[in-house]
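The values are calculated or read from the model by the stated rules, or taken from the named source; none is laboratory data. These numbers were taken from a predicted model, which means no experiment stands behind them. Glycine also receives a Cβ, built like all others from the backbone with ideal geometry; neighbour counts cover every protein chain displayed.
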Amino acid sequence: MILNKILFPVFLTVLCIGVAACGPSAEELNTTGKEKLKNEDIEGALEDFNKAIEKDPKYAEAYLNRGFVYGNTGELQDALADFDKAITLDSGYVEAYYNRGFIYGYFEEYEKSMADFNRVIELNPKDSEAYINRALIRSRLGDREGELADLKEAARLGDPTARSWLKDNNIDWEEQPVNPGSNDSAVEEKTAD
């Protein structure tokens, strides 16, 4: 009986210390980091994302979110590294490819940017913004036919900006491509009479 009176408080003390040391999970830290980011507490968000990664180095979403912070603070190489890590951990992580594609475009690494937007479209073929971003990269690479094909696809998917631009330039986008998915499918411009 006396032994129980001594061991029980010791057990409770060890348990409390153990629980306190564990703290919030990586998922909880990621969630609080996103809330801090919404409230423009950049430093607090970064701290939470760092702690989430510390808790679980294989938690891809924490790398993605920390990459957002780095990207928004102009630390593009760090953002790129975090998006790379998120993709390494989850090869189907659309948001990571999307953001990495933006950064590659900013660095004028257009082939890498194109590869990332191709992957986004492969993973989510109804993402009209991915087609618009790929059209921009194709434009910078001088691929006018590919640029127009992507803008037309974005318009078909309902993107108002693509529709407006094509309409303003008298380009018909409502017809389906002759051979979707083929690189040699000619997408002809039609002018209004």
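Descriptive notes on the structure:
- Leading residue by the ranking (surrounded by the fewest Cβ atoms within 10 Å (Cβ to Cβ)) among those in the stretch 139-168 that are part of a helix (DSSP H, G or I) and among the small types (Gly, Ala, Ser): SER164
- Sub-7 Å Cβ pairs linking a first residue in the stretch 32-57 that is within 20 Å of ALA81 (Cα to Cα) to a second residue that is in a loop (DSSP other than H, G, I, E, B) and among the hydroxyl-bearing types (Ser, Thr, Tyr), at least 6 apart or interchain, are ILE42/THR73; ALA52/TYR59; ILE53/TYR59; LYS55/SER25, ordered by first then second residue.
- Residue in the stretch 119-138 that is within 19 Å of GLY67 (Cβ to Cβ), of a type in the set (A, V, I, L, M, F, W, C), surrounded by 21 or more Cβ atoms within 10 Å (Cβ to Cβ) and out of contact with any Phe, Trp or Tyr (no Cβ under 7 Å at 6 or more places or on another chain) present: no
- Residue ID - modelled with the highest pLDDT, chosen from residues in the stretch 169-193 that are more than 19 Å from ASN118 (Cα to Cα), surrounded by 11 or more Cβ atoms within 10 Å (Cβ to Cβ) and of a type in the set (Val, Ile, Thr): ILE171
- GLU95 vs. criteria within 13 Å of the chain's Cα centre (by Cα), surrounded by fewer than 20 Cβ atoms within 10 Å (Cβ to Cβ) and assigned to a helix (DSSP H, G or I): yes
- Those helices (runs of 4 or more DSSP H) lying entirely in the stretch 1-79 with at least 1 residues closer than 30 Å to GLU108 by Cα and at pLDDT 95 or above: 26-38, 42-55, 60-72
- Within the stretch 122-138, the set of residues being under 14 Å from the mean Cα position of the chain (by Cα) and not in a helix (DSSP H, G or I) comprises ASN124, ASP127.
- Residue in the stretch 113-121 that is of a type outside the set (A, V, I, L, M, F, W, C) and either out of contact with any helix residue (DSSP H, G or I) (no Cβ under 8 Å at 6 or more places or on another chain) or not in a helix (DSSP H, G or I) (or both) present: no
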